[in-house]
1. Between Thr29 and residues 5 or more places away or on another chain, which pairs have amide H atoms under 5 Å apart, with H built 1.01 Å from N, and which residues are they?
2. If you take the beta carbon distance between Val22 and Ala78 as r and set R0 to 25 Å, what does 1/(1 + (r/R0)^6) give as a FRET efficiency, to the nearest 0.05?
Amino acid sequence: MSDVLIHYVVPVLHVACCVFLVIVVLLQTGKGADMGAVFGGGSQTLFGSSGAGNFLTRLTTGAAIAFMVTSLILTYGASRRGTSSIFDRLPAPAAPTEPAPSPEAQGGLPPLAEPGTPPAPAPATPEPGAAPAPAPEAPPTGAPVDTK
């Protein structure tokens with residue numbers, strides 16, 4: 001029940017408090033600016049004989065308190081939520097069943113040899129005039145596929 005309250009009800013109340021707070025602050029008259037004249041000059045009689053100052057000040061205070069309380073509740077709810085990553089839910093990789101093709105088979109450079117070891121023999125080159133080797137029908141597993 002508290003998860004529903006923190007994740008659905010409190011954010012709606014928080015947004016409502018934000019909108020209400022903005023409206024109440026915009027309705028207040030500035031000090032010495034006489035913004036009441038913009039609304040026809042009769043805005044003081046709308047809120048009673050004491051004017052809108054005291055009533056709107058109390059509304060602003062209440063909206064600000066509600067905004068701060070909902071902010072604290074949302075922060076508490078966010079800190080309680082467990083952190084997880086999509087990588088935590090991935091299955092463990094399976095052991096490879098085939099040996100990976102060598103970099104030379106993929107068209108790359110051979111791996112660097114350890115210092116002090118003899119160089120690897122160069123691949124055999126076909127004799128001039130010999131028929132080229134037949135191309136494989138399907139690329140080996142893991143080899144890049146040329147789509148040009």
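Bear in mind these aren't lab numbers, they're just calculated from the coordinates by the rules spelled out. Only a predicted model underlies this, so the values are computations on that prediction, with no experimental measurement involved. Using ideal geometry, Cβ is built from the backbone for each residue, glycine included, and neighbour counts are taken over all protein chains shown.
1. Sorted by chain and number, the residues that satisfy this come to none at all.
2. E between Val22 and Ala78, to the nearest 0.05, is 0.60.
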